[in-house]
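As C-alpha coordinates, the structure follows; a few thoughts come after it.
The values are calculated or read from the model by the stated rules, or taken from the named source; none is laboratory data. Note that this is a predicted model, so its numbers are computed, not measured. Cβ placement follows ideal geometry from the backbone for every residue including glycine, while neighbour counts extend to all protein chains displayed. Surface areas here come from the heavy atoms of the whole protein model, side chains and all, with no ligands, DNA or RNA. Shrake-Rupley method; radii C 1.70, N 1.55, O 1.52, S 1.80 Å.
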Amino acid sequence: MRVEYREEPCKVALNKVKGMGFKWSLNPYMGCVHRCTFCYVRAFELRADRPFDDRYGRSIRVKTNVAEVLRRELARPSWEPETIAIGAATDPYQPAEGRYRLTRSCIEALRDAANPFSIITRGPLIVRDVDVLGEAARRAEVSVTFSVPTLDDEIWRRTEPGTAHPRQRLRALKTLVDAGIRASVGMAPILPGLSDRPELLEQVVREAREAGACGVWANLLNLRPGTREHFLGALAEDFPDQLERYELLYARRAYLGAEHVRPVVAQVAALARRHGMRDRRKKPPSERLEVHEQLALGL
(Lines give C-alpha, C1' and ligand atoms only; values in the text may rest on other atoms or scores of the structure.)
Protein backbone atom coordinates (compact mmCIF):
# COMPACT_ATOMS: atom_id res chain seq x y z
CA MET A 1 0.00 0.00 0.00
CA ARG A 2 1.34 3.39 -1.00
CA VAL A 3 1.35 5.84 1.91
CA GLU A 4 1.64 9.63 1.79
CA TYR A 5 3.45 11.27 4.71
CA ARG A 6 2.46 14.91 5.26
CA GLU A 7 4.97 16.81 7.37
CA GLU A 8 2.87 19.45 9.13
CA PRO A 9 3.57 21.35 12.37
CA CYS A 10 0.98 21.36 15.14
CA LYS A 11 -0.28 24.17 17.36
CA VAL A 12 -0.98 21.97 20.38
CA ALA A 13 0.44 18.65 21.50
CA LEU A 14 -1.83 17.72 24.41
CA ASN A 15 -5.53 17.10 23.87
CA LYS A 16 -8.15 17.22 26.63
CA VAL A 17 -10.17 14.00 26.65
CA LYS A 18 -13.68 13.40 27.97
CA GLY A 19 -15.41 10.15 28.79
CA MET A 20 -12.31 7.97 28.97
CA GLY A 21 -10.01 6.69 31.69
CA PHE A 22 -7.53 9.52 31.22
CA LYS A 23 -7.74 13.31 30.87
CA TRP A 24 -4.98 14.02 28.36
CA SER A 25 -3.84 12.36 25.17
CA LEU A 26 -0.83 12.82 22.92
CA ASN A 27 -0.66 11.61 19.32
CA PRO A 28 2.59 12.38 17.45
CA TYR A 29 0.93 11.24 14.21
CA MET A 30 -2.54 11.47 12.73
CA GLY A 31 -3.60 8.34 10.90
CA CYS A 32 -2.22 4.82 11.11
CA VAL A 33 -0.93 2.36 8.52
CA HIS A 34 -1.95 -0.74 10.49
CA ARG A 35 -5.35 -0.80 8.74
CA CYS A 36 -7.03 -2.83 11.49
CA THR A 37 -10.55 -3.60 10.30
CA PHE A 38 -11.99 -2.90 13.77
CA CYS A 39 -10.17 0.39 14.45
CA TYR A 40 -12.38 2.68 16.54
CA VAL A 41 -10.59 5.75 15.16
CA ARG A 42 -12.49 5.26 11.91
CA ALA A 43 -15.57 6.49 13.78
CA PHE A 44 -13.73 9.71 14.67
CA GLU A 45 -12.68 10.12 11.03
CA LEU A 46 -16.29 9.84 9.86
CA ARG A 47 -17.38 12.49 12.36
CA ALA A 48 -14.59 14.77 11.10
CA ASP A 49 -15.67 14.15 7.48
CA ARG A 50 -12.40 12.39 6.66
CA PRO A 51 -11.94 9.02 4.89
CA PHE A 52 -12.76 6.10 7.19
CA ASP A 53 -12.93 3.31 4.63
CA ASP A 54 -10.04 1.64 2.75
CA ARG A 55 -8.50 5.09 2.24
CA TYR A 56 -7.86 5.44 5.96
CA GLY A 57 -4.18 4.92 6.68
CA ARG A 58 -3.00 5.98 3.23
CA SER A 59 -2.20 9.53 4.38
CA ILE A 60 -0.34 10.09 7.65
CA ARG A 61 0.13 13.51 9.19
CA VAL A 62 3.54 13.85 10.81
CA LYS A 63 3.48 16.52 13.54
CA THR A 64 7.06 17.61 12.99
CA ASN A 65 7.26 20.01 15.96
CA VAL A 66 5.15 18.02 18.45
CA ALA A 67 7.99 17.48 20.95
CA GLU A 68 8.89 21.19 21.06
CA VAL A 69 5.22 22.13 21.57
CA LEU A 70 4.90 19.49 24.28
CA ARG A 71 7.88 20.89 26.18
CA ARG A 72 6.29 24.34 26.19
CA GLU A 73 2.99 22.96 27.43
CA LEU A 74 4.62 20.97 30.23
CA ALA A 75 6.57 24.07 31.31
CA ARG A 76 3.46 26.22 31.81
CA PRO A 77 2.92 27.29 35.42
CA SER A 78 -0.70 26.18 35.13
CA TRP A 79 0.22 22.62 34.16
CA GLU A 80 -0.30 20.07 36.91
CA PRO A 81 1.42 16.78 36.08
CA GLU A 82 -1.26 14.27 35.11
CA THR A 83 -0.95 11.00 33.26
CA ILE A 84 -0.83 11.49 29.50
CA ALA A 85 -1.99 8.67 27.23
CA ILE A 86 0.19 8.31 24.14
CA GLY A 87 -1.40 6.54 21.20
CA ALA A 88 -5.13 6.87 21.90
CA ALA A 89 -5.86 7.81 18.28
CA THR A 90 -2.83 6.47 16.42
CA ASP A 91 -0.06 3.96 16.96
CA PRO A 92 2.96 5.95 18.20
CA TYR A 93 5.25 3.14 17.04
CA GLN A 94 3.94 2.62 13.53
CA PRO A 95 6.69 2.46 10.83
CA ALA A 96 6.91 6.25 10.43
CA GLU A 97 8.42 6.46 13.93
CA GLY A 98 11.50 4.66 12.66
CA ARG A 99 12.24 7.68 10.50
CA TYR A 100 10.82 10.63 12.39
CA ARG A 101 11.46 9.59 16.03
CA LEU A 102 8.71 11.91 17.26
CA THR A 103 7.45 9.52 19.92
CA ARG A 104 10.95 9.15 21.32
CA SER A 105 11.37 12.93 21.42
CA CYS A 106 8.07 13.28 23.27
CA ILE A 107 9.11 10.64 25.81
CA GLU A 108 12.34 12.56 26.37
CA ALA A 109 10.29 15.69 27.08
CA LEU A 110 8.07 13.81 29.53
CA ARG A 111 11.13 12.29 31.20
CA ASP A 112 12.73 15.69 31.66
CA ALA A 113 9.50 17.01 33.20
CA ALA A 114 9.08 13.90 35.39
CA ASN A 115 5.53 13.63 34.04
CA PRO A 116 3.65 10.32 34.20
CA PHE A 117 2.46 8.74 30.95
CA SER A 118 1.12 5.58 29.41
CA ILE A 119 1.59 4.12 25.93
CA ILE A 120 -0.59 1.75 23.94
CA THR A 121 0.90 0.17 20.84
CA ARG A 122 1.07 -2.77 18.47
CA GLY A 123 4.59 -1.77 17.42
CA PRO A 124 7.67 -3.81 18.50
CA LEU A 125 9.76 -0.78 17.49
CA ILE A 126 9.23 0.43 21.06
CA VAL A 127 12.22 -1.68 22.17
CA ARG A 128 14.46 0.92 20.50
CA ASP A 129 13.44 3.34 23.24
CA VAL A 130 13.94 1.07 26.23
CA ASP A 131 16.70 3.37 27.46
CA VAL A 132 14.62 6.55 27.62
CA LEU A 133 11.56 4.65 28.86
CA GLY A 134 13.64 3.28 31.72
CA GLU A 135 14.90 6.76 32.58
CA ALA A 136 11.35 8.14 32.52
CA ALA A 137 10.08 5.28 34.70
CA ARG A 138 12.62 6.20 37.39
CA ARG A 139 11.16 9.71 37.58
CA ALA A 140 7.41 9.12 37.24
CA GLU A 141 4.80 6.44 36.69
CA VAL A 142 5.19 4.90 33.23
CA SER A 143 3.19 2.05 31.77
CA VAL A 144 3.02 0.37 28.38
CA THR A 145 0.14 -1.70 27.04
CA PHE A 146 0.63 -3.99 24.07
CA SER A 147 -2.55 -4.70 22.13
CA VAL A 148 -2.73 -8.46 21.64
CA PRO A 149 -6.36 -9.45 20.96
CA THR A 150 -5.41 -12.91 19.68
CA LEU A 151 -2.49 -15.10 18.71
CA ASP A 152 -4.48 -16.92 16.04
CA ASP A 153 -2.63 -16.40 12.75
CA GLU A 154 -5.69 -16.35 10.50
CA ILE A 155 -7.67 -13.87 12.61
CA TRP A 156 -4.59 -11.67 13.03
CA ARG A 157 -3.81 -11.60 9.28
CA ARG A 158 -7.39 -10.80 8.33
CA THR A 159 -8.15 -8.16 10.96
CA GLU A 160 -4.75 -6.49 11.54
CA PRO A 161 -3.14 -6.62 8.06
CA GLY A 162 -0.53 -3.94 8.62
CA THR A 163 0.76 -4.97 12.04
CA ALA A 164 3.69 -7.00 13.30
CA HIS A 165 2.90 -10.51 14.47
CA PRO A 166 1.42 -10.57 17.99
CA ARG A 167 4.29 -12.73 19.22
CA GLN A 168 6.72 -9.99 18.21
CA ARG A 169 4.77 -7.72 20.53
CA LEU A 170 5.14 -10.22 23.36
CA ARG A 171 8.89 -10.41 22.75
CA ALA A 172 9.00 -6.62 22.92
CA LEU A 173 7.00 -6.73 26.15
CA LYS A 174 9.57 -9.09 27.66
CA THR A 175 12.39 -6.69 26.75
CA LEU A 176 10.62 -3.83 28.50
CA VAL A 177 9.74 -5.81 31.63
CA ASP A 178 13.29 -7.12 31.88
CA ALA A 179 14.39 -3.47 31.88
CA GLY A 180 12.07 -2.71 34.80
CA ILE A 181 9.30 -1.03 32.80
CA ARG A 182 5.71 -1.90 33.61
CA ALA A 183 4.23 -3.53 30.52
CA SER A 184 0.88 -5.28 30.21
CA VAL A 185 -1.37 -6.83 27.58
CA GLY A 186 -4.68 -5.43 26.40
CA MET A 187 -6.84 -8.09 24.77
CA ALA A 188 -8.93 -5.70 22.76
CA PRO A 189 -10.99 -5.86 20.84
CA ILE A 190 -12.04 -9.46 21.34
CA LEU A 191 -14.30 -10.47 18.45
CA PRO A 192 -17.44 -12.49 19.29
CA GLY A 193 -17.47 -15.84 17.51
CA LEU A 194 -13.84 -15.45 16.44
CA SER A 195 -11.26 -14.57 19.07
CA ASP A 196 -13.50 -15.19 22.10
CA ARG A 197 -13.09 -18.98 21.97
CA PRO A 198 -11.86 -20.23 25.39
CA GLU A 199 -8.71 -21.86 23.99
CA LEU A 200 -7.72 -18.65 22.17
CA LEU A 201 -8.27 -16.51 25.26
CA GLU A 202 -6.16 -18.87 27.35
CA GLN A 203 -3.40 -18.90 24.73
CA VAL A 204 -2.98 -15.12 24.96
CA VAL A 205 -3.04 -15.08 28.77
CA ARG A 206 -0.62 -18.00 29.05
CA GLU A 207 1.92 -16.57 26.60
CA ALA A 208 1.57 -13.07 28.05
CA ARG A 209 2.37 -14.51 31.48
CA GLU A 210 5.37 -16.38 30.03
CA ALA A 211 6.62 -13.10 28.51
CA GLY A 212 6.44 -11.45 31.95
CA ALA A 213 3.37 -9.26 31.47
CA CYS A 214 2.54 -7.30 34.61
CA GLY A 215 -1.19 -7.59 33.94
CA VAL A 216 -3.86 -8.29 31.35
CA TRP A 217 -7.27 -6.80 30.59
CA ALA A 218 -9.93 -7.46 27.98
CA ASN A 219 -12.77 -5.74 26.18
CA LEU A 220 -15.10 -6.59 23.32
CA LEU A 221 -15.51 -4.97 19.94
CA ASN A 222 -17.53 -1.78 19.61
CA LEU A 223 -18.94 -0.71 16.27
CA ARG A 224 -19.76 2.96 16.03
CA PRO A 225 -20.67 4.49 12.66
CA GLY A 226 -17.56 4.60 10.53
CA THR A 227 -16.00 1.57 12.15
CA ARG A 228 -19.20 -0.41 11.67
CA GLU A 229 -19.42 -0.05 7.90
CA HIS A 230 -15.78 -0.89 7.33
CA PHE A 231 -15.66 -3.82 9.73
CA LEU A 232 -18.83 -5.46 8.43
CA GLY A 233 -17.59 -5.07 4.86
CA ALA A 234 -14.31 -6.77 5.76
CA LEU A 235 -16.17 -9.45 7.72
CA ALA A 236 -18.34 -10.27 4.71
CA GLU A 237 -15.20 -10.88 2.70
CA ASP A 238 -12.99 -12.62 5.25
CA PHE A 239 -15.45 -14.41 7.57
CA PRO A 240 -18.78 -14.48 5.68
CA ASP A 241 -20.22 -17.13 8.00
CA GLN A 242 -20.04 -14.61 10.86
CA LEU A 243 -21.79 -11.71 9.12
CA GLU A 244 -25.35 -12.58 10.19
CA ARG A 245 -24.24 -13.01 13.81
CA TYR A 246 -22.73 -9.51 13.88
CA GLU A 247 -25.67 -7.89 12.13
CA LEU A 248 -27.90 -9.30 14.86
CA LEU A 249 -25.54 -8.56 17.78
CA TYR A 250 -24.97 -4.96 16.73
CA ALA A 251 -28.35 -4.32 15.10
CA ARG A 252 -29.29 -1.34 17.27
CA ARG A 253 -26.17 -0.63 19.28
CA ALA A 254 -22.48 0.13 19.03
CA TYR A 255 -21.53 -1.51 22.34
CA LEU A 256 -22.56 -4.96 23.47
CA GLY A 257 -24.45 -5.26 26.73
CA ALA A 258 -23.13 -6.58 30.01
CA GLU A 259 -24.60 -10.01 29.27
CA HIS A 260 -22.01 -10.36 26.50
CA VAL A 261 -19.10 -8.44 27.98
CA ARG A 262 -19.00 -9.62 31.58
CA PRO A 263 -18.56 -13.36 30.90
CA VAL A 264 -15.54 -12.73 28.64
CA VAL A 265 -13.94 -10.22 31.01
CA ALA A 266 -14.53 -12.59 33.93
CA GLN A 267 -13.05 -15.48 31.97
CA VAL A 268 -9.87 -13.52 31.20
CA ALA A 269 -9.60 -12.47 34.85
CA ALA A 270 -9.95 -16.10 35.94
CA LEU A 271 -7.30 -17.19 33.45
CA ALA A 272 -4.96 -14.48 34.74
CA ARG A 273 -5.38 -15.82 38.28
CA ARG A 274 -4.91 -19.39 37.16
CA HIS A 275 -1.66 -18.59 35.37
CA GLY A 276 -0.34 -16.41 38.19
CA MET A 277 -0.34 -13.13 36.29
CA ARG A 278 1.18 -10.36 38.41
CA ASP A 279 3.88 -7.71 38.40
CA ARG A 280 7.13 -9.63 38.85
CA ARG A 281 9.57 -6.80 38.27
CA LYS A 282 12.36 -6.26 40.75
CA LYS A 283 12.69 -2.59 41.62
CA PRO A 284 13.81 -0.87 44.81
CA PRO A 285 10.77 0.85 46.37
CA SER A 286 12.79 4.01 47.16
CA GLU A 287 14.16 4.53 43.66
CA ARG A 288 11.45 6.91 42.42
CA LEU A 289 11.60 8.99 45.61
CA GLU A 290 15.32 9.43 45.23
CA VAL A 291 14.95 10.70 41.67
CA HIS A 292 12.33 13.24 42.69
CA GLU A 293 14.62 14.47 45.46
CA GLN A 294 17.39 14.94 42.90
CA LEU A 295 15.06 16.90 40.63
CA ALA A 296 13.99 19.13 43.48
CA LEU A 297 17.63 19.86 44.25
CA GLY A 298 18.38 20.56 40.58
CA LEU A 299 20.84 17.65 40.29
Flag if Ala179 is in contact with a Lys or Arg (Cβ under 6 Å, 6 or more places away or on another chain), at pLDDT 95 or above and more than 28 Å from Arg42 (Cα to Cα): no
Residue within region 95-103 that is open to solvent by less than 40 Å² (accessible area, probe 1.4 Å), in contact with a Cys (Cβ under 9 Å, 6 or more places away or on another chain), acidic (Asp, Glu) and closer than 18 Å to Arg6 by Cα present: no
Filter result for Ala109 (assigned to a loop (DSSP other than H, G, I, E, B) and aliphatic (A, V, I, L, M)): no
Subset of region 1-55 [within 24 Å of Pro161 (Cα to Cα), among the hydroxyl-bearing types (Ser, Thr, Tyr) and either open to solvent by 20 Å² or more (accessible area, probe 1.4 Å) or not in a loop (DSSP other than H, G, I, E, B) (or both)]: Tyr5, Tyr29, Tyr40
Count of residues meeting criterion [of a type in the set (A, V, I, L, M), surrounded by fewer than 20 Cβ atoms within 10 Å (Cβ to Cβ) and more than 16 Å from Ile107 (Cβ to Cβ)] in region 56-88: 1
Pairs where the first residue, in region 73-89, is free of Cβ contacts under 8 Å to residues at least 60 places away in the same chain and the second is among the small types (Gly, Ala, Ser) and assigned to a loop (DSSP other than H, G, I, E, B), C-beta under 7 Å, 6+ apart: Leu74/Ala113
Residue check, Cys106 over 15 Å from the mean Cα position of the chain (by Cα), open to solvent by less than 10 Å² (accessible area, probe 1.4 Å) and either modelled with pLDDT of 95 or more or among the charged types (D, E, K, R) (or both): yes
